[in-house]
1. Could you go through region 576-588 and let me know if any residue there is out of contact with any Pro (no Cβ under 9 Å at 6 or more places or on another chain), more than 30 Å from A650 (Cα to Cα) and within 16 Å of the ligand (Cβ to nearest atom).
2. So which helices (runs of 4 or more DSSP H) stay within region 757-872 end to end and still have 1 or more residues that are within 30 Å of I153 (Cβ to Cβ)?
3. For region 457-482, how many residues meet the condition of being crowded, with 16+ Cβ neighbours inside 10 Å and farther than 22 Å from L579 by Cβ?
4. Which residue out of R115, R149 is assigned to a loop (DSSP other than H, G, I, E, B), buried (at least 17 other Cβ atoms within 10 Å of the Cβ) and outside the structural domain of K862 (by TED's automatic domain parsing)?
5. Which one of the conditions (1) within 30 Å of I868 (Cβ to Cβ); (2) out of contact with any His (no Cβ under 8 Å at 6 or more places or on another chain) does K797 fail to meet, given that it meets all the rest?
6. Can you name the number of the only condition in (1) among the charged types (D, E, K, R); (2) farther than 21 Å from Q673 by Cβ; (3) more than 16 Å from the ligand (Cβ to nearest atom) that E627 fails?
7. Considering every residue within region 163-172, establish whether at least one is part of a helix (DSSP H, G or I), farther than 20 Å from G332 by Cβ and within 13 Å of the ligand (Cβ to nearest atom).
8. Can you pull out the helices (runs of 4 or more DSSP H) entirely within region 269-347 that have at least 3 residues that are charged (D, E, K, R) and not assigned by TED's automatic domain parsing to the domain that holds G589?
Amino acid sequence: MTDFTPGQRWLSESETELGLGLIKEVDYRLVTVSYPAVEEERTYAKNNAPLSRITFDVGDTLTTGDGLDLVVQSVEDHNGLMVYHAHPAGEPDNVQPVPESLLGHRLRLSGAQDRLLTNQLSSNRWFELRVAALDARAHREGSPIQGLRGPRIDLIGHQLHIADQVARRYAPRVLLADEVGLGKTIEAGLILHQQLQTGRARRALIVVPDALVHQWFVEMARRFNLRFSIFDEERLNALSRPSVDDVKEMLADIFAEAEGEADAPELDDNPFLSEQLVLCSTAFLEGCDIDSLAEADWDLVIVDEAHHLHWSPDAPSEAYQRVERLAGASRGLLLLTATPEQLGLESHFARLRLLDPDRYPDLDTFIAEQDHYREVADLVGELHDREDWPADLKQRAAGLLPDETVDEAHRDAVLAELLDRFGPGRVMFRNTRHNVAGFPARQVHGDALPLPDAYRVDEDEELELRLYPEAGFADDRWCADDPRVSWLERFLKEHRGEKVLVICARRDTAIDLHAHCGYKLGMNLAVFHEGMDLIERDRAAAYFADQEDGAQALVCSEIGSEGRNFQFAHHLVLLDLPLDPDLLEQRIGRLDRIGQSEDVQIHVPHFQGHAQEVLFHWYHQGMNAFEHTNPAGHEIRQRTGDALEKALNAPEDGAALDALVAATREQADALRQRLEEGRDRLLELASFDPQRAEVLKERLADADADSPWPFMTRVFDHYGVDQEEHSDDAWILKPGSHMREPFPHLPEDGITVTDQRGTALARDDMQFLTWEHPMVEGALDLILDEHRGKASVSLLKNPRIQAGTLLLELVYTVEPEAPRHLQTDRFLPVTTVRRLLDANGRDLSSAITHEALCKQCHKLEKPLARKIVASQKALLEERLKDDEEKAATQARAVIDDALARMRESQDRDLRRLRALRDKNPLVREEEITFLERQTEALEARLADARFRLEAVRVIVAGN
Ligand SMILES: Nc1ncnc2c1ncn2[C@@H]1O[C@H](COP(=O)(O)OP(=O)(O)OP(=O)(O)O)[C@@H](O)[C@H]1O
C-alpha cells in the first residue's frame, strides 16, 4: 500500500483539472485529499487511489502559492514531506525554503514548450494523433447535441425534443409524463446521458418499482452504456461487512491505539457513496436508511412510476415523504408517470411540488392557477399560430409579461416565458399519441360467453367476487368449467406461432390458469406474478420473448401491466377488466408501445349478463378506451361512479347499462373536448416542436455520418489492439499480443463494434461505436493524459516549398478551472486554438489546414530532429514567446464569447426568478442572492480560464 503523509502533494490521475492535491487526512484505509484550486475534496481507498506523487528535482521550476516561479537548488525529505530550496531564475544567491504544502495549487504539468526546448520529442504520428484527440474532444464538448449521439436508440422526434430541452439545463427538475409506451425511460436515459457527458452530473440514483429493476438495468447498459449498481439489502450488508484485510488492519489499529499510536478506526462511511450510478427498487427505498441515501450527494434522482407516490395535505404516504427527502437533497430530479393528472389535481400538485416547491407553494394557489389556464392557453395558441401579431394580441401578452419585449422577433422567448410562468412550462412534458403520429391502431374483440352456474352469486356479495368469480375457489378447479379457459385454449390453437399476452387482475387467477393450461392441457405458457422473485419474473419474460423456443403465451397478474416491454406480441387477452381506467391503459400499453409493428388486437372474453360485461361496455361504448388512449379515464370514472355502481349491482338490467353507457359517453365527450381545447395545447407546445425535432434529427444523422472509426483505427494501431473486419460496417476488436497495458473498455475476449445506428439497433451483440462511446472516451483520455505527441519535429515534402523553410504548428487549449458546482463548461467547454507560424512569426493557419499539412508531413529520424531543435533553439524560443500573446488574444475572444453567453443565461434566470417572486412571495431572497453570487464566481472563473500550449510541431521543408 502507498504511504501517504498529510501535507504531501499528489495529482489525481483521472481528474488532472482539479489541480495539485494536498493530503489532508489518512486513516487505516482511506486517504482524503483536498484540491484547493477548485475547492473540492475527494476520499479514496488507500490501496487503489488513482493518485500520482508530485515532487520536483534539482533544476525544475516550481511555482509557490504566492505565484513566484523558483528554480529548485536542493531538496530535503523530512519523513516523507519535501522541503525545496529554490531561487528566482538568475538569482542563485536568493535561495528560500519552500515546504511542499506551500506550493501553488494550479499545477503546471510539463508543457509542450518545455518538452520541445528540452528535446523530449515524440514522433510525427504521435503529434498528429494527439491533435486529432484534442480536436475530437473540443468538437464533442462544444457540440449542441452532446450526449444525444451515443445512445443506441431510434431517432424519434418527441423524445429528442424533450431531451434537448431538458438536458441542457443545469440540474433539471421535470415530470416526464408521456402517455404509456411513448418512451419515458428512453427520455430519462437521454437526459441522464447528456448530463453525464457534459459533466453536469456525475452521481445518479434511479428508483423504480421492484418488477422493473432488471429492465431498467438492462436498458441503461444496452442503450446508454451506463452500468448501474443495483442496491438491495444484500449488497448493503456486504458493503458494511468489513473484509478480512479490513479486520486485520482494524485490529492492528486498535492495538496501536491502545499503545497511543493511532486514531480509532471508523466504519461509518456512507455506503451509497461507493458507486456513482445506483439503481434501487421502491421497496428498498421504503426500508433503507433514508438519511444516508439522501445525503449521498446525488446530482440527479430519477423516480419511475411516480403516480404511486400518494399524497394528501394531511397524510402524505411514507413513499412520498422519502422521495421528498431525496428531492430536497438532490440537485436534479426526474419523475416519470404516464398518468400525471388522472389521479386528481391534488396528487398532480403533490408531484409538481416535489420538483419546484417555489413555483408550486400551495394547493389553493395551484387550483386557482388551473382556472387561469384556459385564458393563457388561448393566448399562447394564438401567438403560436399567427405569423403577425395584432396590437391587441401583443397587449394581452404584455399584460402577462410586463418585463419582456413582446413582438414577433422575440416569438420563442415570449412563448417560453408564458409557458414557464403560467403553463406547465419548464416543469412538465407530456406527449400523447394524438400529437405524435405513427402508432398502429388498436382493435377490440369482445366475446360474450355464458355464465357458469357456479359463478352465480348473490347481489349483496362483495364486489371482488362479483367481478372476479373464480376468487371463490381455493384452487384451479374453476378452470375446468370456465368458458373463458376453453376460449383461451381454442384461441391459442388458432393463433399457433403468434405471441399472446394474457392479463388478469388477480395473482391466484394467473397461477391457476397457468397450472391448468400448462400442466393439465400441455400448453406452452409462462407465468408472471408478484409472488415470484425478480429473477424468476425476468426469466419468465425472457422465455416469453424468445421467438424460437419460447412460450406462446405469458399469463400475468396486474403487475405485468406496468412498465414491461412486450411489443413483440400483437395479441392481448384481457381475461377480466380492472375497475380503474388507468390500469386498463397500462395493460394495453404493454403492446401499444414504440416498436409495435402491427395493429394491436385486444380480446376480451367476458360473461353475458355479468359485472364484467358491464365493465366491457362502460369502457368500450362509453369511453372508447380499448381502441383509443384515454387521458380522461380517471375523471370519467369519478363522474360516472354512481351509474357504474348501479349497473354493476344489476348486471342483467339492460336499462341501467344503457343509462351508464349514455352518461359515460356524454362525460367522455365533454372531458375530451375540454382537454382538447384547454391545457393540452400548452403542454403540447412545450412537449413537442416537430420543426425543431426535425433539425435535431438532421444534426444527429449528420453526426452519425461522422464516424469515430477512422480515428479509432489509428489509435488501435498505436496501442496494439487487433482489428478484424466482421462485415461491411462492423469490426471485431481484441487485445493484441504487443499491448503493453489494457486498452480502456476492451474486454479480454474482445468485442464487436459497428458505427452504423441501424446495425446497432438490430444487433444487440454489437457495440454502437460513436464519439460518445466509453471506449472512445477512454482512448481520448489515454492519449491526452500522457506526454507523447506534445512536441515533435517533422519533414515537409512539397516541391513548391523551398528546402530548409521552417514552420511551427501550435495547438493551444482554453479551459476554465473551477469548482464543479459552477458547471463552467455550460459556457466554455475545452476549446482549441490552432496557429501555424512561419519563421517570421506570421500566422498561416487559415491558409493551410492541419489536415492538408498532415498529408505532406513525414517522419524525421530522432537524432536529426534533436539536432534541428538544438540548432534553432533561440529562434524557436523567440517565436513561442512572441506567439503566446497573439494566441492569448484569440483565446480572449473565445473567453469573451463564453462570458457573453453566461451573462445572458444568468440574466434570464435572474429575471425569471424575480418575476416569479413578484407572483409568489415564497421565492426566497436568498435564491436570488445565490444566483447573483454564482454569476460573480462564473465571471471570475471564466475570465481566468487556463490557456496552454498542448502540442507543438516544428516542420522543416526538405526532400
Ligand atoms: N427511441 C427509441 N429507440 C428504440 N426503442 C425505443 C425508443 N423509444 C422507446 N423505445 C422502446 O419502446 C418501448 C417503450 O419505451 P419506454 O419503456 O421508455 O416507454 P414508457 O413511456 O416508459 O412506457 P411505460 O409508460 O409503460 O412505462 C421500450 O421497449 C423501449 O425500448
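1. no
2. So the answer is 757-762, 774-785.
3. 2
4. R149
5. Of the numbered conditions (1) within 30 Å of I868 (Cβ to Cβ); (2) out of contact with any His (no Cβ under 8 Å at 6 or more places or on another chain), the odd one out for K797 is (2).
6. (2)
7. Among the residues of region 163-172, not one is part of a helix (DSSP H, G or I), farther than 20 Å from G332 by Cβ and within 13 Å of the ligand (Cβ to nearest atom), which makes the answer no.
8. Per the criteria, 318-329.
The values are calculated or read from the model by the stated rules, or taken from the named source; none is laboratory data. The structure presented is a predicted model; accordingly, all values stated were derived computationally and were not measured. Here Cβ is always computed from backbone atoms with ideal geometry, including for glycine, and neighbour counts include all displayed protein chains.
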